[in-house]
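As structure tokens, the structure follows; a few thoughts come after it.
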Amino acid sequence: MTTTLWRGARLVTLADARGWGLVERGALLVDGATIAWAGAEADLPPSARADAEIDLGGALVTPGLVDCHTHLVYAGQRAGEFEQRLEGASYEDIARAGGGIRSTVAATRAASDATLFAMARERALALMGEGVTTLEIKSGYGLSAEHEARCLRVARRLGSELPLDVRTTCLSAHALPPEYAGRADEYIDAVCAWLPALHAEGLVDAVDAFCERIAFSVAQTRRVFEAARSLGLPVKLHAEQLSDSGGAALAAEFGALSCEHLEHLSDAGVAAMARARSVAVLLPGAYYFLRETQAPPVAALRAAGVPIAIATDHNPGSSPTLSPLLMLSMACTLFRLTPEEALRGMTVHAARALGLRDRGTLAAGQRADFAAWDVAHPNELAYWFGRNPCVRVIAGGVERPA
Ligand code: DI6
Ligand code: FE
């Protein structure tokens, strides 16, 4: 295995529960895909041997970004809907009229595997260009056994062809496909029936659902979670995005890794998440793009000790962004996170939302996932918006090609 010494770095380790964990004149000794040693260059053990040395010239180095909530695989776009909403239609009106998620389902089903892959690859490259090294991708625009499997295979292929770790989530309970109109319970039966085959093919790391008045009820979501549990799969949930449906409490009952969106989360929901140690994944892109006015209860989540993660929620309907850095900025300006909370939210807490403990900080034993930035202080990552100071990205010890 090749050992590389990355030196001349100003490390932002995030290794302790609080503080940036700044190490001036730092170095990372990387053995294959793992950080073997992290600290000040002056403290490097004399026994340390490296096959290669790379000087980062004083760049700031953070853990690689973890985008823990995306819907990256789909065809088409929904700019027309954006215009309709600006003229007064609501996201829910459009969904109820058969547009919204269902229009992306039609475009996705009609696209070839090659087209889906090429489009998703472009999006993944854009995210990687801003420091992303781990990417969660949900299905949910196929909505049949065949098309959900196709989308999840595309996601897996991205992970095998790019220097990027892809985690897949089955979100078949995203919307009711047209062929099941008026038969939501039967559709949920079908989802529960096809989940084992997707899992057996190695396509599913976690199971998600959209629990909302325009999507699936708590009772329907429970059935999906029971199917996941019988396969030993962890669950997460799109909860309380547009209304308080009590989804977070249900997810907590199933020990959910995370609950996501959460604009309408109640005090009881916060308490349930704290008991279950679920991560709150906040998605400022969707909040911004849908012009929501009720922000998630950040102060209550903080007070209850619920870890907060931030993600892009990249999707064509509610968050067509490919900028994780813009999400850090918006997490601060719209949700009042501190820049440090925002960066933790897209590193260590985002990893937890995926059930991953081997990444998100710079420390010995962690995966060698890191990004180098042309900034003087880590608070600048949330400060600039529309500027990308990322200079290098290393995932699992492998550098993203320039
Ligand atoms: N909530 C969202 O914001 C996305 N999915 C979900 O359950 C939106 C997906 C879309 O509009 O295509
Ligand atoms: Fe989402």
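General observations
- The peptide list 276-285, 334-343, put in order of mean Cβ contacts within 10 Å with the highest first, becomes 276-285, 334-343.
- Cβ-Cβ distance of Leu125 and Ala79, R₀ of 25 Å, FRET efficiency by 1/(1 + (r/R0)^6): the value works out to about 0.70.
- Remark: spin-label model distance His377-Ala42 equals 2.3 nm, labels positioned 7 Å along the Cα→Cβ axis.
- FRET efficiency, Ser266 to Asp185 (Cβ-Cβ, R0 45 Å, nearest 0.05): 0.95
- Protection proxy ranking of 106-112, 212-218, by the mean of other Cβ atoms within 10 Å over each peptide's residues and highest first, is 212-218, 106-112.
- Once divided by 2.2 N^0.38 Å, the Cα radius of gyration of the range 1-103 becomes 1.83.
- Three-way shape call for the range 57-204 based on the alpha-carbon gyration tensor, with the a/c threshold at 1.5: oblate
- Each of Ala304 and Thr338 was given a label point 7 Å from its Cα along the Cα-to-Cβ line. The distance between the two points is 2.2 nm.
- Heavy-atom accessible area per residue - the chain, 1.4 Å, Å²: 38 Å²
- Inter-label distance, nm, simple model (7 Å from Cα along the C-beta direction), Ala17/Glu253: 3.0 nm
- Hydrodynamic radius by Kirkwood, which averages 1/r over all alpha carbon pairs of the range 169-305, in angstrom: 15.1 Å
- Taking only protein heavy atoms and a 1.4 Å probe, the accessible area of the range 277-370 is 51% carbon and sulfur.
- A straight line joining the Cα centroids of the range 137-179 and the range 230-283 runs 21 Å.
- Convex hull projection area averaged over all views, the range 224-371, Cα basis, nm²: 9.2 nm²
- Contact order relative to length of the chain, as percent, for alpha carbon pairs under 8 angstrom and 6 or more apart: 20 percent
- Anisotropy class of the range 336-402 from Cα gyration tensor, a/c 1.5 cut: oblate
- Added length on full extension, which subtracts the Cα-Cα distance from 0.36 nm per residue, Arg213 to Met1: 71.1 nm
- Ranked packing of 317-324, 192-199, 86-93, 17-24, most packed first, by mean Cβ within 10 Å: 317-324, 192-199, 17-24, 86-93
- Accessible carbon and sulfur surface of the range 102-196 relative to its total accessible area, %, 1.4 Å: 53 percent
The values are calculated or read from the model by the stated rules, or taken from the named source; none is laboratory data. Fair warning: this is a prediction, and the values are worked out from it, not measured in the lab. Don't worry about glycine lacking a Cβ; one is built from the backbone with ideal geometry, like all the others, and counts go over all protein chains shown. The area values use the complete protein model at the heavy-atom level, side chains included, leaving out ligands, DNA and RNA. Shrake-Rupley method; radii C 1.70, N 1.55, O 1.52, S 1.80 Å.
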